[in-house]
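Input: a single structure, listed below in structure tokens.
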Amino acid sequence: MLIVLLKPIGILCSYIFKAMGQSLVIGSDRSARRKKQKGDGSVPVDTPTVSLTAASMTDLDNITQHQIVYKKMEQLMDRMQDENTGIPVRTVNKFRAKVPSVFTGTDLILWIMKNVDVDDQVEALYFANLLSSHGYLFPIDDHFLNVKNDGSYYRFQTPYYWPSNIFDPENTDYAVYLCKRTMQNKTRLELADYEAENLAKLQKVLSRKWEFVFLQAEAQSKVDKKRDRMERKILDSQERAFWDVHRPMPGTIITTEIDYRKLKRYKELSTLANGDINLLPIQLPVKTNIGKPTIESIKKDITAMRLKLDRRNIKLSKIADTYITYFEQYAEYDPFFTPPEFSNPWLLDNVEVWDCDKHSKEVTVRRIKRWAFSLKELLADPAGKEHFTKFLEKEFSCENLKFWEAVQNLKKLPQREVPQAAEEIWAEYLSGDSLNIDSQSRELSRKNMSAPDRWAFDIAAVHVYHLMKSDSYQRYIRSEMYKEYLNTSKKKTSMKGIRSIVSFSGKRDICPS
């Protein structure tokens, strides 16, 4: 991840140095952020500037390369938020509600092209996305920090939450934030799926002090309720954007992460600036006694390693229970545990026993019980698929299974027949409203039809299979149709056993002595 982050940081340096037209000197006589914001929600903060000259290489130890870029970005953000020459910030009406302190993506791109040495619109959009990914501006309606060149609304982040001020927020703060949002019954503050998962994990990890977390969240929620409505909206969005940078959604790179490989030199420093370790930009463990390890230090390392070996990171009991449940379920169908009537496939090279049930005309109780294991087992058995199709016809949802089967058959066709078969599938199931799928899957299938291949409908097929698994299949297993079929098969099996006993006894009576 750190290697991926080096390129955006370098690109930001080149953009910002173009915009500022300065050498590597950070800081000036003018105030960094002391200004009156009109409705942008920023909090006036007096931030001391840092002086760094290229002549003094020793001063580079006091500040990371990230900090250099952050300071340059913050100077550029000051220009963006200028009352006269900056981006126009205004309050707009959106769905009968006022949205304060916002600007559009089009305004941002135009300002960058006018004030930064960028002529290409695509390059300006990329530069705006880099600023957004570092948390200096954010969309008001999305957790994904990107910028679009349209009329969507964005807001500046308050300097308090800029990455140069906060490096590594703790999990306790994140837990307080998520817990506070659950206390506020507002649509815009509902937790996303990944945030709800993070909250559940944090509740397990911080179980001992969860009462403290809850009290902190409750206190902050009470303070927020006393604020003005517009001010509360701005602060909530800024806090959410801060955590979108430091705890982003899955699949997003953390742009504020420090490259620890560039900070290795700090590990060997015992003192800095006459012994003041607090001048380090980030606190790292410092070795005070560099030299040969002592016997006591080696013993401590051995003890710590033994403790790590004894501690298990995975709960084996749960894994064992899962395996035991699985093998108990399939024990009756595994020839290794239950001797079959045919030759044992574990001993001989005969695989007939694996498919003997599926290809036989007689549907036994053993086969019907296996249908209740999963939808995969049901569809793998021809008799089970036929019976499930009859159930879906009664439920008026047979198109789902037919569409899924058509997509599976599409993957087995020769390449020359694939385009025509894909057109037929689209015309029969997706062109109208016969199939109940979400708009996103339908739109992806529509795009794939421009150059149809055997995987054009995979997304829609997965969605349909999930619907059948969670809805239709569950109702089928609980239905009277399945239960009656199972009971009828039990009666046939019992009657067959009785007839075999009677016929055997009759033959024995007529046999000569």
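Quick notes on this one:
- LEU145 in contact (Cβ under 8 Å) with a residue 40 or more places away in the chain and crowded, with 19+ Cβ neighbours inside 10 Å: yes
- First in the range 468-486 and closer than 19 Å to THR364 by Cα, second anywhere and β-branched (Val, Ile, Thr) and assigned to a helix (DSSP H, G or I), Cβ under 7 Å, 6 or more apart: TYR485/ILE368; LEU486/VAL365; LEU486/ILE368
- If only residues of the range 396-421 that are touching a residue at least 12 places away in the same chain (Cβ under 8 Å) and part of a loop (DSSP other than H, G, I, E, B) are counted, the one that is farthest from ASP453 (Cα to Cα) is SER397.
- Condition check for ILE234 on (1) open to solvent by 80 Å² or more (accessible area, probe 1.4 Å); (2) outside any loop (DSSP other than H, G, I, E, B); (3) touching a residue at least 60 places away in the same chain (Cβ under 8 Å): one failure, at (1).
- Close pairs (6 angstrom Cβ cut-off, 6 or more residues apart or separate chains): more than 15 Å from LEU110 (Cβ to Cβ) in the range 75-95, open to solvent by 90 Å² or more (accessible area, probe 1.4 Å) and of a type in the set (Lys, Arg) anywhere: THR91/LYS98
- Some residue of the range 399-408 being buried (at least 19 other Cβ atoms within 10 Å of the Cβ), under 22 Å from PHE373 (Cα atoms), among the β-branched types (Val, Ile, Thr) and modelled with pLDDT of 90 or more: no
- Test: residue in the range 152-160 that is among the aromatic types (Phe, Trp, Tyr) and farther than 22 Å from THR256 by Cβ: yes
- Evaluation of SER450 against (1) free of Cβ contacts under 8 Å to residues at least 12 places away in the same chain; (2) assigned to a helix (DSSP H, G or I) (one fails), failing number: (2)
- Residues that are in a helix (DSSP H, G or I) and either closer than 27 Å to PHE391 by Cβ or in contact with a strand residue (DSSP E or B) (Cβ under 9 Å, 6 or more places away or on another chain) (or both), drawn from the range 422-447: GLU424, ILE425, TRP426, ALA427, GLU428, TYR429, LEU430, SER441, ARG442, SER445
- Qualifying residue in the range 207-222 (condition: closer than 22 Å to ASP142 by Cβ, modelled with pLDDT of 85 or more and surrounded by 13 or more Cβ atoms within 10 Å (Cβ to Cβ)): no
- Qualifying residue in the range 78-85 (condition: modelled with pLDDT of 70 or more and aliphatic (A, V, I, L, M)): yes
- Of all residues making up the range 366-382, the number that are open to solvent by 20 Å² or more (accessible area, probe 1.4 Å) and over 38 Å from the mean Cα position of the chain (by Cα): 1
- Per-region count, the range 187-206, residues modelled with pLDDT under 85 and among the basic types (Lys, Arg): 1
- Looking across the range 188-231, the residues that are part of a loop (DSSP other than H, G, I, E, B) and under 20 Å from ARG247 (Cβ atoms) come down to GLU190, LEU191, ALA192, LEU206, SER207, LYS209.
- Apart from one condition, ASN185 fits all of (1) part of a loop (DSSP other than H, G, I, E, B); (2) open to solvent by less than 10 Å² (accessible area, probe 1.4 Å); (3) free of Cβ contacts under 8 Å to residues at least 60 places away in the same chain; the exception is (2).
- Residue within the range 151-164 that is of a type in the set (D, E, K, R) and part of a helix (DSSP H, G or I) present: no
The values are calculated or read from the model by the stated rules, or taken from the named source; none is laboratory data. Note that this is a predicted model, so its numbers are computed, not measured. Note that we place each Cβ from the backbone using ideal geometry, even for glycine, and neighbour counts take in every protein chain shown. What goes into the accessible areas is simple: the full protein's heavy atoms, side chains included, and nothing from ligands, DNA or RNA. Shrake-Rupley method; radii C 1.70, N 1.55, O 1.52, S 1.80 Å.
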